[in-house]
Amino acid sequence: MKLTDKIFRSTIGCKATTFITGAILCGSIALAQTPNKGVIDAIMKEGTQNSQLEKLGRELLDGVGPRLVGTPQMKQANDWAVAKYAEWGITARNEQWGTWRGWERGVSHIDMILPRVKSLEGTQLAWSPGMGKKTATAQVIILPDLADSIAFKNWLPTVKGKFVMISICQSIGRDENNLKTFALPSTYTKIKAERDTLTKLWAARIKKTGLTTKTLPVALEKAGAAGVLTNYWSAGFGVDKIFQAYTKKIPTVDIGMEDYTLIYRLTEAGNPPTLKIHTEAKELGEVPTFNTLAEIKGTEKPNEYVMLSAHFDSWDGGTGATDNGTGTLTMMEAMRILKKIYPNPKRTILVGHWGSEEQGLNGSRAFVEDHPEIVANLQALFNQDNGTGRVTSLAGQGYVEPKDYLIRWLNAAPDTIKNRVKTSFPGQPGSGGSDFASFVAVGAPGFSISSLSWDYSTYTWHTNRDTYDKIIFDDVRNNAILAAILAYMASEDPAKTINTKTPGIKWPVQTKATRRGGFD
Ligand SMILES: [Zn+2]
């Protein structure tokens with residue numbers, strides 16, 4: 001269904017109000033904006049009956065894969081998005097904001113060969129140095145509980161030629177829900193207490209070396225270790241968080257909790273396994289990094305902006321499906337729907353697919369620094385970045401006025417979508433967490449359309465299981481429709497939003513983007 005301009009412009013807008021009551025009321029009265037039901041219905045229909053989300057998800061998440069900053073796959077994703085927007089008749093471009101250490105993940109093979117053969121679930125961490133054609137075969141050693149940094153220095157030579165385990169050994173590998181459901185109350189309490197104690201003792205063990213989880217692997221490397229074995233269990237079945245390596249020559253790998261604890265227990269029992277590890281990776285020097293921007297030009301107020309926002313990059317243990325593939329798909333689909341149903345917006349509708357959010361909101365912080373003209377004329381920005389779930393909350397980020405305009409815009413959405421969104425005003429200004437905070441820091445109206453959890457923090461956030469199959473497409477469809485409706489309403493609003501910081505609220509300060517990263 002293709003709609004003409006007529007229905008977009010039949011909104012009872014500010015002009016009508018102005019004639020009757022005078023300019024002073026313009027924008028200050030909530031009733032001044034009535035959504036066009038034809039547009040809302042058409043957005044709903046397009047988003048529901050002609051959804052492109054699954055197709056986009058397969059192309060991006062399965063086809064391109066994870067999008068770690070500085071990897072060829074990140075650039076491939078940038079180019080894919082620009083091409084996709086072009087297909088839809090939307091102007092898009094990649095805008096360079098900095099450079100990063102270029103790196104490309106190769107294979108990770110981790111096998112136990114003694115006391116018996118078992119292929120282990122594990123992978124090298126991001127930016128782990130490749131081993132070329134070499135394979136390391138070595139015995140395992142556990143970082144012992146040493147008295148202090150002097151004892152650590154004395155022990156250090158024993159790591160030569162060994163794979164060193166530097167992470168805690170979990171005693172029970174079951175998730176919280178499972179324990180709550182099945183454990184006797186006394187067992188549950190005991191397990192929780194044991195976990196707490198182990199965690200504290202392990203942190204103390206690292207601290208006593210005089211080093212940190214960041215500097216310890218480097219010291220081990222210098223002392224001639226063959227590799228560093230880690231496990232960052234995400235407190236669920238089969239899930240580890242996969243972050244970055246700090247070694248420069250020897251591999252740092254994460255071994256899945258089940259296998260990691262097996263090796264640990266065998267070693268502790270005086271029967272240290274021998275492992276064989278081979279990893280490959282390419283160092284690609286210093287490479288440019290980009291935000292992908294796309295816009296539907298405004299017809300009446302082209303220099304005022306409504307923004308959709310979602311970071312495009314990810315960690316690379318999985319495919320970044322829910323962090324932030326789903327936010328990315330939501331905003332791309334919203335743009336596609338808007339272009340089809342509302343191709344001549346009053347204000348310019350701009351989407352930002354940010355680079356390097358994971359290393360500190362770098363793409364969006366750079367955009368805020370580089371485009372003061374857009375930030376100053378921002379009607380509102382909507383960011384989504386907490387998983388696949390349907391949107392359930394929207395807060396005012398500490399400003400006075402959003403309680404009027406956000407509610408007005410949200411009310412245009414069908415009951416099934418809006419009734420489950422809990423609003424809170426004025427709320428607190430976001431100081432981090434995702435890219436809307438880059439805008440809030442400079443007093444601009446950045447908002448987070450925030451999702452139902454679906455156990456995001458345990459099961460998918462930064463994990464090896466953040467994959468396509470975890471996406472609940474009905475929820476993402478809900479979010480794409482909501483984002484399109486909010487953008488439509490923000491674009492049509494007769495008044496430019498005013499955003500006053502609520503008195504008494506401490507405001508976060510602007511942080512500069514890291515423009516060159518990954519080189520220490
Ligand atoms: Zn994210």
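The values are calculated or read from the model by the stated rules, or taken from the named source; none is laboratory data. Quick caveat: nothing in here was measured; it's all calculated off a predicted structure. For neighbour counting, all protein chains shown are included, and Cβ atoms are generated from backbone atoms with ideal geometry for every residue, glycine included. Side chains included, ligands, DNA and RNA excluded: accessible areas come from the protein's heavy atoms. Shrake-Rupley method; radii C 1.70, N 1.55, O 1.52, S 1.80 Å.
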10 Å-binned pair-distance histogram of the range 49-136 (Cα, whole percent)
13, 32, 27, 17, 8, 2, 0
Evaluate Rg over Rh across the range 290-334, taking Cα atoms for both radii and Kirkwood's formula for Rh.
1.10
Hydrodynamic radius by Kirkwood for the range 163-255, inverse mean 1/r across distinct Cα pairs, in Å, is 14.8
Rounded to 5, percent antiparallel among DSSP beta bridges of the chain
55
Expected field for Val39, accessible surface area in Å² at 1.4 Å probe radius, rounded to 10, holds 0
Calculated [θ] (222 nm, deg cm²/dmol) that DSSP helices of n ≥ 4 give over the chain, each run adding -39,500 (n - 2.57):
-9500 deg cm²/dmol
Rg (one decimal) and Dmax (whole number) from the Cα set of the chain, in Å, equal 25.7, 88
Over the range 410-520, consider all pairs of different Cα atoms and compute the Kirkwood hydrodynamic radius from their mean reciprocal separation; express it in Å, one decimal.
17.1
Per principal axis, descending, Cα span of the range 210-327 in whole Å
76, 35, 30
Arranged from highest to lowest average of other beta-carbon atoms within 10 Å per residue, in what order do the peptides 122-128, 287-293 appear?
122-128, 287-293
Ordering of 478-484, 217-223 by packing [mean C-beta count within 10 Å, highest first]
478-484, 217-223
Could you grab the relative contact order for the chain? Cα pairs under 8 Å, six or more apart, rounded to a whole percent.
21
Relative contact order for the range 315-418: what percent, with Cα pairs under 8 Å and sequence separation of 6 or more?
33
May I ask you to evaluate 6.51 cos²θ - 1.76 cosθ + 1.60, the Karplus curve with θ = phi - 60°, for each residue of the range 124-139 and list the ³J(HN,Hα) values in order in whole Hz, giving x for glycine and proline?
5, 6, 4, 6, 5, x, x, 9, x, 8, 6, 10, 9, 10, 7, 7
Going by Cα centres, the range 43-62 and the range 472-520 are how many Å apart?
22
State in Å² the accessible area per residue of the chain; use a 1.4 Å probe, count heavy atoms of protein chains only, and round to the nearest integer.
41
Pair-distance profile P(r), taking every C-alpha pair of the range 261-402, with 5 angstrom steps and integer %
2, 8, 13, 16, 16, 13, 8, 6, 5, 4, 4, 3, 2, 1, 0, 0
Straight-line reach from Lys162: which aspartates and glutamates have a Cα under 12 Å away, not including same-chain ones fewer than 8 places off?
Glu221
If I compute solvent accessible area with a 1.4 Å probe over the protein chains, what percent of it on the chain is carbon and sulfur?
57
Under a cut-off of 13 Å between alpha-carbon atoms, report the aspartates and glutamates in cross-link reach of Lys282, not counting same-chain residues fewer than 8 places apart.
Glu104
